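Single-structure report; data block below.
The values are calculated or read from the model by the stated rules, or taken from the named source; none is laboratory data. Everything numeric in this text was worked out from a predicted model, so none of it was measured. Using ideal geometry, Cβ is built from the backbone for each residue, glycine included, and neighbour counts are taken over all protein chains shown. With ligands, DNA and RNA removed, areas are computed over all heavy atoms of the protein, side chains included. Shrake-Rupley method; radii C 1.70, N 1.55, O 1.52, S 1.80 Å.
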Amino acid sequence: MVFPQFHPDSRALVKQYLTPAVYEQLAPLETRTGFTLAAAIQSGLKNPDSHIGIYAGDALSYSLFSSLLDPIIHVYHSVEKTFEHSPDFDQTGLNQTALDQTGLDQTRLDQTRLDQTRLDQTRLDPLDPNKAFILSSRVRVARNLSGFCFPCHISSRERTRVEALIFDAAKKLPGKLGGSYLSFKDLSPSQMQARLTRKQAFPKGDRFQDTAGINRDFPDSRGIFSSRDKKFMIWVNEEDHLRIISMESSADISGVFNRLCRGLGHLSTRLEFAFDKKYGFLTSCPTNIGTAMRAGVHIRLKKLEKNQKILKKLVAQYQLQIRGTSGEKTSVNKSIFDISNKQRLGIPETRIIQNLHSGLAAIIEAEKSL
Ligand code: CIR
């Protein structure tokens, strides 16, 4: 057993918390599916600019490697050392009898609660009624199917089975959520390129995901389910088995969230998601656990772009995050910022939406006042 050598310039959290003692404890272990510490830290070893530098290969990785993952999660998510994820959805108005009749056990019930959660739109004032700043709103959650390896460790056979299960569940989505599935393997390279340009497909993952093993066999068993109106989507076998997305070109973040809740509720009756009382929904990247939700907008801020100190202060105050125009690790284009929630773990989904809404209202006020 040789202690791994991280790049001298690496500031990855995995480098910080993988002490010789933790390494000695974890290096000989493997999960039931054979996932090891060596595989989990590959991406961090090969990418010196990693922020955290570790991925989970299956649900059990979280408990088996907890002496390394817990301190990373504690720091990244700014949660207590003894964190847990117990979403406190408002149960008022929940028809318990109806839920009992579904025959779901308690764990399944916890998962379906999001379906019962609706943001009362009257509680949230319309943001940007003149459509001067917000170009689009998007809410996504990541999910993995219980009992299957996660994408960095999954076999080609299992990945195909995951795709089939998701396809079966998606084709039963009712009403406006209903649509069709596009399998990437049916596309020629030029058709794939055209879809990528129109953002109707997702590309191979970045070098962080690549070195973690997530891109293996791409584009096999990958694809996108889209509702007819293109406002509800499921990315299949990207960084997680499912990325469930609700989006539209408007500032109606609560409407977008409510659509996501409806879709997720239907899917949860047919698919069992990997969930844990301490870590919440389990994802490939530990940055996504908990609600596994990112809710955000594309917003044009011409004045705040030149006054980023004010913008950064507001973003920190409301626990938000700025990303580049095209997402993680990209730059800002034409003054369009991607602003979304930073908190995901130990916070209910509805509070995430409310914080985002309040933060965006304050940011728009600041932009107007400059
Ligand atoms: C890193 O450690 O920097 C990469 N593994 C990416 C972390 C951000 N997570 C993500 O995009 N899901």
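Might you check whether a residue that is open to solvent by 50 Å² or more (accessible area, probe 1.4 Å), at pLDDT 95 or above and not in a loop (DSSP other than H, G, I, E, B) occurs anywhere in the stretch 129-148? Yes. Quick check on my filter: what residues within the stretch 1-26 are open to solvent by less than 30 Å² (accessible area, probe 1.4 Å) and aromatic (Phe, Trp, Tyr)? Within the stretch 1-26, Phe6 is the sole residue that qualifies. Only one of the numbered conditions (1) in contact with a helix residue (DSSP H, G or I) (Cβ under 7 Å, 6 or more places away or on another chain); (2) under 29 Å from Ser50 (Cα atoms); (3) exposed (fewer than 14 other Cβ atoms within 10 Å of the Cβ); (4) of a type in the set (D, E, K, R) is not met by Asp229, and that is (2).
For the stretch 343-370, which residues satisfy the criterion of being surrounded by fewer than 18 Cβ atoms within 10 Å (Cβ to Cβ) and in contact with a helix residue (DSSP H, G or I) (Cβ under 7 Å, 6 or more places away or on another chain)? Passing the criteria: Ala362, Ala366, Leu370. Taking the stretch 64-87 as the range and being in contact (Cβ under 8 Å) with a residue 40 or more places away in the chain and of a type in the set (Ser, Thr, Tyr) as the test, the residues that pass are Ser67, Tyr76, Ser78, Ser86. Taking the stretch 255-347 and the strands (runs of 3 or more DSSP E) fully enclosed by it, the elements with 2 or more residues that are without any contact (Cβ under 8 Å) to a residue 40 or more places away in the chain and within 16 Å of the ligand (Cβ to nearest atom) are at 320-323.
If I ask for residues that are modelled with pLDDT of 95 or more and of a type outside the set (A, V, I, L, M), which ones from the stretch 339-356 would you list? Once the filter is applied, which keeps residues that are modelled with pLDDT of 95 or more and of a type outside the set (A, V, I, L, M), the stretch 339-356 yields Ser340, Asn341. Residues of the stretch 229-254 that are within 16 Å of the ligand (Cβ to nearest atom) and among the aliphatic types (A, V, I, L, M): Leu242, Ile244, Ile245.
Scanning the stretch 27-49 for residues that are open to solvent by less than 10 Å² (accessible area, probe 1.4 Å), within 15 Å of the ligand (Cβ to nearest atom) and touching a residue at least 60 places away in the same chain (Cβ under 8 Å) gives Ser43, Asn47. Restricting attention to the stretch 185-218, the residues that are touching a Gly at 6+ places or on another chain (Cβ under 6 Å) and either of a type in the set (Lys, Arg) or free of Cβ contacts under 8 Å to residues at least 40 places away in the same chain (or both) total 1.
Only a single criterion out of (1) open to solvent by 10 Å² or more (accessible area, probe 1.4 Å); (2) within 15 Å of the ligand (Cβ to nearest atom) is not satisfied by Ala59, namely (2). Screening Ser78 with (1) within 12 Å of the ligand (Cβ to nearest atom); (2) open to solvent by 40 Å² or more (accessible area, probe 1.4 Å); (3) of a type in the set (Gly, Ala, Ser) gives one miss only, at (1). Pairing residues of the stretch 357-370 that are at pLDDT 95 or above with residues that are part of a helix (DSSP H, G or I) and open to solvent by 80 Å² or more (accessible area, probe 1.4 Å), at Cβ distances under 6 Å and at least 6 apart in sequence or on separate chains, gives Glu367/Lys303. Do we have any residue at all in the stretch 155-164 that's free of Cβ contacts under 8 Å to residues at least 40 places away in the same chain and either within 30 Å of Ala366 (Cβ to Cβ) or acidic (Asp, Glu) (or both)? Scanning the stretch 155-164, I find at least one residue that is free of Cβ contacts under 8 Å to residues at least 40 places away in the same chain and either within 30 Å of Ala366 (Cβ to Cβ) or acidic (Asp, Glu) (or both), so the answer is yes.
Of the residues making up the stretch 230-254, just one is polar (S, T, N, Q), closer than 18 Å to Arg198 by Cα and outside any strand (DSSP E or B), namely Ser249. With the checklist (1) in contact with a strand residue (DSSP E or B) (Cβ under 8 Å, 6 or more places away or on another chain); (2) more than 16 Å from the ligand (Cβ to nearest atom); (3) farther than 17 Å from Ala169 by Cβ in hand, flag the one item Phe218 doesn't pass. It fails just one condition, (1).
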